[in-house]
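Student: After the structure tokens below, expect a handful of questions from me.
The values are calculated or read from the model by the stated rules, or taken from the named source; none is laboratory data. Bear in mind the structure is a predicted one, so any value in this text is a computation, not a measurement. Reconstructed Cβ throughout: ideal geometry from the backbone, glycine too, with neighbour counts over all protein chains shown.
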Amino acid sequence: MLQKIRTQTNEDEREIMDDIQTAVSRCSRLITQLLTLSKSESVQAELHDWGTVDAIELIHEAASTELHSAEKKGVTLTLPDMEEGPKTVAGSRIMLILLLRNLINNAIQYNHRGGQVKVEIGTNDQQTYTLAVRDDGRGIAPENRSKVFDCLF
């Protein structure tokens, strides 16, 4: 219905409708993820199964589910080269993948057509890695930045 109405409204109203559609899509994805997690006993066990995993492999696995979204939006998605060799981190494989999917999806979703999303992994020292998902989208409005993590608590 929003798509039908969208063609009959002015630019400000279209932007509001786009924001509503984005929020509904995000809620739908979140609900699907939560239902999947709650239904699967094996996933429940995996949530608490901490071990060592290859961060670059995880990035590629998480990004594979977002390639279609990036292509559809015309966004270039750049990932670390698998040839860099393993970068082992400790954590729950499934939780790390969900985190990465969410970060990558948001970077694509809130980007502009023709934009870029780059996932990088760097080394602070021999034992610490940094992960960055960078994009050239619109970003978070300054007045909303303090609310980013509100839904987590």
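Student: What's the number of the only condition in (1) farther than 18 Å from Gly137 by Cβ; (2) at pLDDT below 90; (3) of a type in the set (A, V, I, L, M, F, W, C) that Ile56 fails to meet?
Tutor: Of everything listed in (1) farther than 18 Å from Gly137 by Cβ; (2) at pLDDT below 90; (3) of a type in the set (A, V, I, L, M, F, W, C), Ile56 misses just condition (2).
Student: Moving on. Among Asn111, Asn124, Asn106, which is crowded, with 19+ Cβ neighbours inside 10 Å and of a type in the set (S, T, N, Q)?
Tutor: Going through Asn111, Asn124, Asn106 in turn, the sole match is Asn111.
Student: Which one is farthest from Ala141 (Cα to Cα) among residues in region 1-16 that are at pLDDT below 75 and surrounded by 10 or more Cβ atoms within 10 Å (Cβ to Cβ)?
Tutor: Ile5
Student: So for region 82-103 (the condition being farther than 23 Å from Asp136 by Cα, β-branched (Val, Ile, Thr), outside the structural domain of Thr22 (by TED's automatic domain parsing) and assigned to a helix (DSSP H, G or I)), does at least one residue qualify? Even if it seems obvious, please write down each step before you answer.
Tutor: Residues of region 82-103 that are farther than 23 Å from Asp136 by Cα, as a first pass: 82-96.
When the remaining residues are screened for being β-branched (Val, Ile, Thr), the result is 88-89, 94.
Remaining after also requiring outside the structural domain of Thr22 (by TED's automatic domain parsing): 88-89, 94.
Checking the rest, the ones that are also assigned to a helix (DSSP H, G or I) come to 94.
The answer is yes; a qualifying residue exists.
Student: Could you give me the residue pairs with C-beta distances under 9 Å whose first residue belongs to region 17-36 and is within 15 Å of Leu99 (Cβ to Cβ) and at pLDDT 80 or above, whose second residue is outside any helix (DSSP H, G or I) and small (Gly, Ala, Ser) wherever it lies, and which are 6+ apart or on separate chains?
Tutor: none
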